[in-house]
Amino acid sequence: MTVFNDGPIKVEGNFVLKDARGKAFDLAGRGAVALCRCGGSANKPFCDGTHKTIGFSSTVDAGQG
């Protein structure tokens, strides 16, 4: 997983993404998805690029424990 500054979380590899009820999303064999962090996506939990238009700002540094 990679957290992008001012953007989404990218999840790559062999994974299963489930909703709160435990039902798996149909990812149709995709090896990567971008998950929304700004809360503005019309396609939650996936990123639709809204963070760019609403001015979402968040800098992430692995050194911040």
- Could you please find all residues in segment 17-65 being out of contact with any strand residue (DSSP E or B) (no Cβ under 7 Å at 6 or more places or on another chain), of a type in the set (A, V, I, L, M) and within 16 Å of GLY7 (Cα to Cα)? ALA42, ILE54, ALA62
- Task: Of the numbered conditions (1) touching a residue at least 12 places away in the same chain (Cβ under 8 Å); (2) in a loop (DSSP other than H, G, I, E, B), VAL11 fails exactly one; give the number of that condition.
- Result: (2)
- Message: Looking for something touching a helix residue (DSSP H, G or I) at 6+ places or on another chain (Cβ under 9 Å), surrounded by 11 or more Cβ atoms within 10 Å (Cβ to Cβ) and at pLDDT 95 or above - is there at least one such residue anywhere in segment 10-26?
- Response: no
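The values are calculated or read from the model by the stated rules, or taken from the named source; none is laboratory data. Please read all numbers here as calculations on a predicted model, not as lab measurements. Cβ coordinates were reconstructed from backbone atoms using ideal geometry, including for glycine residues, and neighbour counts include every protein chain displayed.
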